Amino acid sequence: MLKEFFQGRSIRKNASKEPTGLLSLERVKSAVVFLDVEDTSFDACKNAILTYFRGRGIKADIFFFDFRRLSKDERLITSITTTVLRKDLNWYGKPSREKVQLMLSGQPDLFISLLPMPSYALEYMAACSCAHFKVGRTDSPVFDLVLNADLNEADAFTEITRLLEKIA
């Protein structure tokens, strides 16, 4: 109960006031995409994202969520700078200011979450983002478009791009 109170208060306090809605790809200059490294297709998906946006002249930043418990002999497989780790969250799940500021510094027009499960940390990042169009895979008032399908990240990205290309 206390945790939910602080989560709600934090989102209300820090949410972007920028209006959001559907936006055609022609108006998108930059995008930020969030991936879950536990998805088996995350590496293929990362390459597909970079190829897709590069082909359209859109600057793309990719952030990763990695909440696994790594053993001492395991190494992080993504950049520490763009990876949100369990230790980057406070006691009620809010990401560190550094991670949020890094995401905001890219000034994305498009925010895409490919994480299939609800996450307060992701919802907070989406709420704080000044992106004009927000796409997710879980029902949340933060997202303008939701793809609610049982797909891996790579297939979900393919479906989302199909939808984006239909928006005029």
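The values are calculated or read from the model by the stated rules, or taken from the named source; none is laboratory data. Treat the numbers as computed from the prediction; the structure is a model and nothing was measured. Positions of Cβ are backbone-derived with ideal geometry, glycine not excepted, and every protein chain shown enters the neighbour counts. Ligands, DNA and RNA are excluded from the accessible area calculation, which covers all protein heavy atoms including side chains. Shrake-Rupley method; radii C 1.70, N 1.55, O 1.52, S 1.80 Å.
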Worksheet item: Near LYS13, which aspartates and glutamates are there with a Cα under 17 Å away, not counting those fewer than 8 places off in the same chain?
Response: GLU4, GLU123
Practice prompt. Would you mind finding the longest exposed-site-free stretch of the chain, with exposed GluC sites (Glu not before Pro) meaning DSSP loop and at most 16 other Cβ atoms within 10 Å?
Written response: 75-168
Discussion item. Within the chain, which whole H helices from DSSP have a Cα span along their axis of at least 24 Å and a mean Kyte-Doolittle hydropathy of -1.0 or more, if any?
Written reply: none
Item to complete: Provide the solvent-accessible area of SER96, counting protein heavy atoms only and rolling a 1.4 Å probe, rounded to the nearest 10 Å².
Response: 30 Å²
Worksheet entry | Amide H within-cut-off set for THR83, under 5 Å, with H built and near neighbours excluded | PHE64
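Tally Lys/Arg at +1 and Asp/Glu at -1 over every other residue whose Cβ is under 14 Å from the Cβ of LEU122; what's the total? The partial results should precede the final answer.
Numbers: positive: ARG86, LYS94, LYS99, LYS134, ARG137; negative: ASP36, GLU38, ASP39, ASP66, ASP88, GLU123, ASP139, GLU153.
That sum, taken over residues with Cβ under 14 Å, equals -3.
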Item to complete: Under 17 Å Cα to Cα from LYS17, which lysines show up? Leave out anything in the same chain fewer than 8 places away.
Response: LYS134
Fill in: LYS94 accessible area, 1.4 Å probe, all protein chains in place, Å² to nearest 10
60 Å²
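If we count every other residue with Cβ under 14 angstrom of VAL146's Cβ, Lys/Arg +1 and Asp/Glu -1, where does the sum land?
Details: positive: LYS134, ARG137; negative: GLU123, ASP139, ASP144, ASP150, GLU159.
Within the 14 Å Cβ shell, the charges total -3.
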Fill in: Under the Karplus curve 6.51 cos²θ - 1.76 cosθ + 1.60, θ = phi - 60°, whole-Hz ³J(HN,Hα) for region 56-61, x wherever Gly or Pro sits
10, x, 9, 6, 10, 10
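Could you work out the relative contact order of region 59-141, using alpha carbon pairs under 8 angstrom and six or more residues apart, expressed as a whole percent? Don't skip to the answer; put the middle values down first.
Details: 87 pairs, mean separation 20.8, N = 83.
Averaging sequence separation for qualifying contacts and normalising by length gives 25 percent for region 59-141.
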Practice prompt. Collect residues whose amide H, placed 1.01 Å from N in the peptide plane, falls under 5 Å from the amide H of ALA60; neighbours closer than 5 in sequence don't count.
Written response: ALA31
Discussion item. Under 14 Å between alpha carbons, and skipping anything fewer than 8 positions from LYS29 in its own chain: which aspartates and glutamates qualify?
Written reply: ASP61, ASP109
